[in-house]
Amino acid sequence: MTSVRPLNEDEVFNEMKKMADEEFNIEKAKIVRQESLNIEAVFERKIKQAEVQKRIAQSNHVNKARLRVLQERQQILDSLFEDTQQNILSIPDDQESYTELMEGLILQGLYALMDSDVTIRVREADVEIAQFGSERASQKFQETVKQQMNISISDNYLPANSAGGVIITSLQGKIVVDNTLEARLEIVKEEMLPQIRYTLFGNSPSRKFFD
């Protein structure tokens, strides 16, 4: 039978120290590993934040550049329409063409209102042309609609600095058709703006579908 010798004090101390060192090393490895994971998480978070900030900066740069382009394009369009606005001021200078235009504007208003009693407003300088245009427009309207027409010219004239044209009203002014040259220009601007943009600037890169 083998006898077991009890450990002396040095051996007990060494064994306890050995176990303590092993536990310490295990805990140390856990702490180092956890700290490494924390550092990696912080590093990844910093990288993601940097990427987000980079994308935001790029987006802001692109948006600013796009806004600058849109502003420059709008300035071109505004300049174009301002020139056109000035050009329509000279339309009444050609009496023959303006008389024909006045007749057409009045006739278009008559068809829009479809009323037998209307009042028109023009510039004081255009009264004579409006009288002639009203007679011809009334005649054409009556031939087409088979309805008598009474057109009176208001003494509430359009401003002298107006480009010209006519405003036609019925039912004591409750229904209004604005056929002044300024109003017609606004209609043309709205209708032709897409084509004007295409002609000046081409297709928009962000537009996916075309008519």
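The values are calculated or read from the model by the stated rules, or taken from the named source; none is laboratory data. Owing to the predicted nature of the structure, the values given are computational and were not obtained by experimental measurement. No Cβ is skipped: glycine too gets one built from the backbone with ideal geometry, and neighbour counts run over all protein chains shown. Heads up: the accessible areas ignore ligands, DNA and RNA and are worked out on the full protein's heavy atoms, side chains in. Shrake-Rupley method; radii C 1.70, N 1.55, O 1.52, S 1.80 Å.
Details
- Single residue of segment 108-132 satisfying the filter (within 35 Å of the chain's Cα centre (by Cα) and not in a strand (DSSP E or B)) that is farthest from GLN142 (Cα to Cα): VAL122
- Pairs with Cβ under 6 Å, 6+ apart, first in segment 58-83 and farther than 26 Å from VAL188 by Cα, second open to solvent by 70 Å² or more (accessible area, probe 1.4 Å) and assigned to a helix (DSSP H, G or I): none
- Residue match in segment 64-76 (condition: modelled with pLDDT of 75 or more and of a type in the set (Asp, Glu)): no
- Any hit, segment 51-73, residues being within 29 Å of the chain's Cα centre (by Cα) and open to solvent by less than 40 Å² (accessible area, probe 1.4 Å): yes
- Scanning segment 140-156 for residues that are among the β-branched types (Val, Ile, Thr) and surrounded by fewer than 21 Cβ atoms within 10 Å (Cβ to Cβ) yields THR144, VAL145, ILE153.
- Residues located in segment 109-139, provided they are under 18 Å from TYR98 (Cα atoms), open to solvent by 70 Å² or more (accessible area, probe 1.4 Å) and either without any contact (Cβ under 8 Å) to a residue 24 or more places away in the chain or not small (Gly, Ala, Ser) (or both): GLU124, GLU128, GLN131, PHE132, GLU135, ARG136
- Some residue of segment 160-183 being under 18 Å from the mean Cα position of the chain (by Cα), of a type outside the set (Lys, Arg) and at pLDDT below 90: no
- Of residues in segment 77-100 being surrounded by 10 or more Cβ atoms within 10 Å (Cβ to Cβ), among the acidic types (Asp, Glu) and modelled with pLDDT under 85, the one farthest from the chain's Cα centre (by Cα): GLU82
- Looking only at segment 1-40, and only at residues there that are of a type in the set (Val, Ile, Thr), open to solvent by 100 Å² or more (accessible area, probe 1.4 Å) and at pLDDT below 70, the one that is farthest from the chain's Cα centre (by Cα): THR2
- Test for ALA163: is it out of contact with any Phe, Trp or Tyr (no Cβ under 6 Å at 6 or more places or on another chain), assigned to a helix (DSSP H, G or I), closer than 29 Å to GLU82 by Cβ and touching a residue at least 40 places away in the same chain (Cβ under 8 Å): no
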